[in-house]
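The structure under discussion appears below in the form of structure tokens.
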Amino acid sequence: MSSRTSLSRFLIEQTRSHQTPAELRFLIEVVARACKMINHQVSKGALGGVLGSLTSENIQGEIQKKLDVLSNEILLEANEWGGHLAAMASEEMDEPYQIPGCFPKGSYLLVFDPLDGSSNIDVNVSVGTIFSVLTCPEREDICGDLADDAFLQSGSKQVAAGYAIYGPQTMLVLTLGNGVKGFTLDTELGSFILTHDNMQIPEQTAEFALNMSNERHWQPPVKRYVDEMRAGEEGPLGKNYNMRWIAAMVTDVHRILVRGGIFMYPWDKREPDKPGKLRLMYEANPMAMIVEQAGGAATNGYERIMDIEPSTLHERVAVYMGSKEEVERITQYHLEWAPENPDLIK
Ligand code: F6P
């Protein structure tokens, strides 16, 4: 008999030992099934006619890829009928998605970026799906539509978070708030199998991930930190750093989860009224929960990402996450600079 632990078995054991509600277990199983379907579409590439862009833009003003829209539909269809959700919100939709009246409603909210890093699809580089699970606030009219404010909860309220990475291997990385587990898709069996038990990010690192081409748009604390890393052994940090940038947050953070490093997407002055490129609810919060659960840290330069109270569904945020020591250093540089420059803080 095989001693391998499937995602289903892991979830059932969680339900027994950690009182993970059966509804949450079902939710994760459904999301995992949807990720398998997205993986199938992504892997077909040009053969499936799914590459390329549409003419539509999402709420962020980005041109949607065919696979962005398809992945969004897969997640909506998989999750709308099971009775486990009160509503969903997606990076690809302006408004929350209401559970159709013909289906029962549940107590959770599912928030997702259906296909993160989608600019990589056409060049056959890894992409992923990010998801976050919140509890729906109590309400009197359980049949009525849910407005954005039901979703506006800090990341610390997440009851689960995860991502799927569609790469040389397809993996599902999951936290239910008690550590991080990585499951690899066994394509012959069609099952996610536990392969990475208790994922831990090393506290120290010598690797960083950021888009260096934006350097001229950054603020002084970021320039200081990056200059110090690039100065290597001769500089104040006294060691040589290596840079990696895939331009898909899932893939960059996954690497950091496996071997350490710091991922950065700072505020920059290209869009001065927006605090960063990445989205708080769909990207930063779920990835921050995973990173923290793996022993790392995640801030926006000033405070813990998961403490930020969102004011809009599609809010953006500056992101520094990964190995604790490095995230603390860049946060310290922001905090030292801020009192002298109160008008410039973003
Ligand atoms: O938010 C989408 C995203 O693709 C992230 O996954 C990634 O980290 C970032 O944008 C890449 O941005 P850039 O285009 O600056 O490399």
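The values are calculated or read from the model by the stated rules, or taken from the named source; none is laboratory data. Small disclaimer: the values here were computed from a predicted structure and weren't measured. Cβ sites come from the backbone with ideal geometry, for glycine too, and all protein chains shown count toward neighbours. Heavy atoms of the whole protein, side chains included, go into the accessibility calculation; ligands, DNA and RNA do not. Shrake-Rupley method; radii C 1.70, N 1.55, O 1.52, S 1.80 Å.
Please give the number of the condition Gly276 fails out of (1) touching a Phe, Trp or Tyr at 6+ places or on another chain (Cβ under 6 Å); (2) modelled with pLDDT of 95 or more.
Failing condition for Gly276: (2).
Quickly run through segment 259-304 and pick out the residues that are within 13 Å of the ligand (Cβ to nearest atom), of a type in the set (Ser, Thr, Tyr) and assigned to a strand (DSSP E or B).
Listed by number, the list holds a single entry, Tyr265.
Restricting the search to segment 180-214, which residues are over 15 Å from Gly167 (Cβ atoms) and among the β-branched types (Val, Ile, Thr)?
Val180, Ile193, Ile201, Thr205, listed by residue number.
Return only the number of the condition from (1) open to solvent by 10 Å² or more (accessible area, probe 1.4 Å); (2) within 16 Å of the ligand (Cβ to nearest atom); (3) at pLDDT 90 or above that Asp122 does not satisfy.
In the conditions (1) open to solvent by 10 Å² or more (accessible area, probe 1.4 Å); (2) within 16 Å of the ligand (Cβ to nearest atom); (3) at pLDDT 90 or above, Asp122 misses (3) alone.
Give me the pairs, please: first residue somewhere in segment 271-289 and in contact (Cβ under 8 Å) with a residue 40 or more places away in the chain and open to solvent by 10 Å² or more (accessible area, probe 1.4 Å), second residue anywhere and of a type in the set (Val, Ile, Thr) and near the ligand (Cβ under 10 Å from one of its atoms), beta-carbon distance under 6 Å, and either six or more positions apart or on two chains.
Leu278/Val319
If I filter segment 217-249 down to residues being of a type in the set (Phe, Trp, Tyr) and away from the ligand (no atom under 13 Å from the Cβ), which single residue comes out as surrounded by the fewest Cβ atoms within 10 Å (Cβ to Cβ)?
Tyr241
Of the residues Leu172, Leu189, Leu176, Leu185, only one is assigned by TED's automatic domain parsing to the domain that holds Gly52 and either open to solvent by less than 10 Å² (accessible area, probe 1.4 Å) or among the hydroxyl-bearing types (Ser, Thr, Tyr) (or both); which? Give the steps one after another, and end with the answer.
Details: Leu189 fails: either open to solvent by less than 10 Å² (accessible area, probe 1.4 Å) or among the hydroxyl-bearing types (Ser, Thr, Tyr) (or both); Leu176 fails: either open to solvent by less than 10 Å² (accessible area, probe 1.4 Å) or among the hydroxyl-bearing types (Ser, Thr, Tyr) (or both); Leu185 fails: either open to solvent by less than 10 Å² (accessible area, probe 1.4 Å) or among the hydroxyl-bearing types (Ser, Thr, Tyr) (or both).
Of the residues listed, the single one that is assigned by TED's automatic domain parsing to the domain that holds Gly52 and either open to solvent by less than 10 Å² (accessible area, probe 1.4 Å) or among the hydroxyl-bearing types (Ser, Thr, Tyr) (or both) is Leu172.
Residues that are of a type outside the set (Gly, Ala, Ser) and away from the ligand (no atom under 16 Å from the Cβ): which strands (runs of 3 or more DSSP E) entirely in segment 161-216 hold 3 or more of them?
Because the criterion is at least 3 residues that are of a type outside the set (Gly, Ala, Ser) and away from the ligand (no atom under 16 Å from the Cβ), the strands (runs of 3 or more DSSP E) in segment 161-216 that meet it are 170-175, 180-186, 191-196.
Scan (1) assigned by TED's automatic domain parsing to the domain that holds Asp122; (2) out of contact with any His (no Cβ under 7 Å at 6 or more places or on another chain) for the single condition Ile256 breaks and write down its number.
Going through (1) assigned by TED's automatic domain parsing to the domain that holds Asp122; (2) out of contact with any His (no Cβ under 7 Å at 6 or more places or on another chain) one by one, Ile256 breaks only (1).
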